[in-house]
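**Q** Quick one: this structure, given as structure tokens, is what I'll be asking you about.
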Amino acid sequence: MQSYHASVMATSGTDGYDLMYYLKGAAAGGICCSITHGALTPVDVVKTRVQLDPVKYNSGLVGGFRQIIAEEGAMALTTGLGATAAGYFVQGWFKFGGVEYFKIKAVEKMGEEAAWNNKTAIYLGAAAGAEFIADLFLCPLEAVRIRSVSDPEFCDGLADGFAKMLKTEGIGGFYAGLVPILGKQVPYTMAKFAVQGAAADAIYGSMGKTPAELSPGSNISVSLASGVVAGVASAIISHPADTLLSKVNKKGAGGEGSMMTRLLRIAGETGFVNLCTVGLLPRCVMIGTLTAGQFGIFDTVMSALGASKFHFHNPNADH
């Protein structure tokens, strides 16, 4: 069975992938991440509340929605929307743009055949590098978002939240969650890109079809389905760090001491099983949905911008 990636490769080599291509990829990434994370803010609010106070919010995802609406009103589910949309636009800009950049540079360095034979390793390395850079920009916005969700009275919007955190905690307060956010996002992104590619291959293989033999709608369906698989796998892998991130940004969490001391104390108090399972179902729903949406929106925006998306190329398929 011919590989999915080989069958969709329209351009040989890396010619034509210039600065404008990377900017289009970055813009498409920012748009897809901002839209998907922003749309799922209500789910993220419930997930964060469950992680921060599992005793109070102990009735699952649907029960969490009902409880928050009953106690605080429906608008409480939009808490942190501004920080989420802004933060994930910046993160998506560097993540998707960075992955495209690192993939293409790897092919230029290694050559097409070696890159084809090591495409999974390239996906993993490109995703890790791009995500690390992206998280340096995301972390301050995520800190404000989590603080506003855990304490709805904390601020009246993104700018107000930044000003208050800067005044009370200094620059270090914005990066209190950097270690767990890297521990969450880097493995998540590595799994997301690698698993999505493998899942798409498997789906096409099970159908006995290549993308060229299917309608555009069918191909989008494959992208969405493989995105769901990648999202769920990524959510499970990164969930313990996500729980730590939610807890460490809560005021006073972990007591005094260095960041690592606080994280270890929180992990010990929470327990390994709870780190891995509390809030996992709503996070799987959220990440599975948004990952599928991200790949679909990214491809759509790239096409609208007139960019031909880079794919790994098997040079032997030309002979």
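The values are calculated or read from the model by the stated rules, or taken from the named source; none is laboratory data. Note that this is a predicted model, so its numbers are computed, not measured. A quick note on method: Cβ atoms are made from the backbone with ideal geometry, for glycine too, and the neighbour counts reach across all protein chains shown. Accessible surface areas use protein heavy atoms only, side chains included; no ligands, DNA or RNA. Shrake-Rupley method; radii C 1.70, N 1.55, O 1.52, S 1.80 Å.
**Q** At a 10 angstrom cut-off on C-beta neighbours, averaged per residue, how do the peptides 24-34, 45-55 rank from highest to lowest?
**A** Packing proxy ranking, top to bottom: 24-34, 45-55.
**Q** Further question on the same structure: Taking 30 Å as R0, compute the FRET efficiency from the Cβ-Cβ separation of residue 260 and residue 121 and round it to 0.05.
**A** On the way: r = 30 Å, r/R0 = 0.99.
It comes to 0.50.
**Q** Could you please report the charge total around residue 59, scoring K, R as +1 and D, E as -1 over all other residues with beta-carbon less than 14 angstrom from its beta-carbon?
**A** Its environment carries a net charge of +2.
**Q** Let me ask another. How would you order 163-172, 117-126 from highest to lowest mean count of nearby Cβ atoms within 10 Å?
**A** So the peptides 163-172, 117-126, ranked by packing, come out 117-126, 163-172.
**Q** Relative to the first principal axis of the alpha-carbon coordinates of the chain, what is the inclination of helix 280-304, with its axis defined by its Cα atoms, in degrees from 0 to 90 and to the nearest 10?
**A** 40 degrees
**Q** Let me ask something else. So, for the chain, what is the accessible surface per residue at a probe of 1.4 Å, expressed in square angstrom?
**A** Details: 13650 Å² over 319 residues.
About 43 Å² of surface per residue is accessible.
**Q** How high is the relative contact order of the chain, given as a whole-number percent (alpha carbon pairs under 8 Å, six or more residues apart)?
**A** In percent, rounded to a whole number, it is 28.
**Q** Tell me, what HN-Hα J-couplings in whole Hz come from the Karplus equation 6.51 cos²θ - 1.76 cosθ + 1.60 at θ = phi - 60° for each residue of region 91-96, using x for Gly and Pro?
**A** Taking θ as phi minus 60°, the curve returns 5, x, 4, 6, 5, 5 Hz for region 91-96.
**Q** Before rounding to the nearest 500, sum -39500 (n - 2.57) across all DSSP H runs of length at least 4 in the chain and divide by the residue total; then give [θ] at 222 nm in deg cm²/dmol.
**A** -25500 deg cm²/dmol
**Q** For helix 119-150, what angle does its Cα long axis make with the longest principal axis of the chain, in degrees from 0 to 90 and rounded to 10?
**A** Helix 119-150 sits roughly 20 degrees off the main axis of the chain.
**Q** Follow-up question, since we're still on this one. Kindly flag which residue pairs out of 24/309; 24/105; 105/184 have an alpha-carbon separation exceeding 22 Å in this structure.
**A** Flagged as over cut-off: 105/184.
**Q** Also, quick follow-up: How many percent of the accessible area of region 97-157 is carbon or sulfur, using a 1.4 Å probe?
**A** Ligands and nucleic acids excluded, carbon and sulfur give 55 percent.
**Q** Between region 157-216 and region 26-103, what is the separation of their alpha carbon centroids in Å?
**A** 12 Å
**Q** Place the peptides 98-104, 64-70 in order of packing, highest mean first, counting for every residue the other Cβ atoms within 10 Å and averaging per peptide.
**A** 98-104, 64-70
**Q** While we're here: Normalising by the residue count of region 36-102, find the relative contact order in percent from Cα pairs under 8 Å and 6+ residues apart.
**A** 36 percent
**Q** Another question, if that's okay. So if I take the alpha carbon set of the chain, get Rg, then get Rh from the Kirkwood formula, what is the Rg over Rh ratio? If you can, show how the numbers build up before the last one.
**A** Values: Rg = 20.4 Å, Rh = 20.4 Å.
That ratio is 1.00, to two decimals.
**Q** To continue, here is another question. Please compute the modelled spin-label separation between residue 74 and residue 273, points set 7 Å along Cα→Cβ, answer in nm with one decimal.
**A** Reported label-point gap for residue 273 and residue 74 is 3.9 nm.
**Q** Which angle from 0 to 90°, rounded to the nearest 10, does the C-alpha axis of helix 216-248 make with the longest principal axis of the chain?
**A** Around 30 degrees separate the two axes.
**Q** Same structure again: Can you give the extra length, in nm with one decimal, that the chain gains between residue 220 and residue 156 once fully stretched, where that is 0.36 nm per residue apart less the Cα-Cα distance?
**A** Additional length available on full extension: 19.1 nm.
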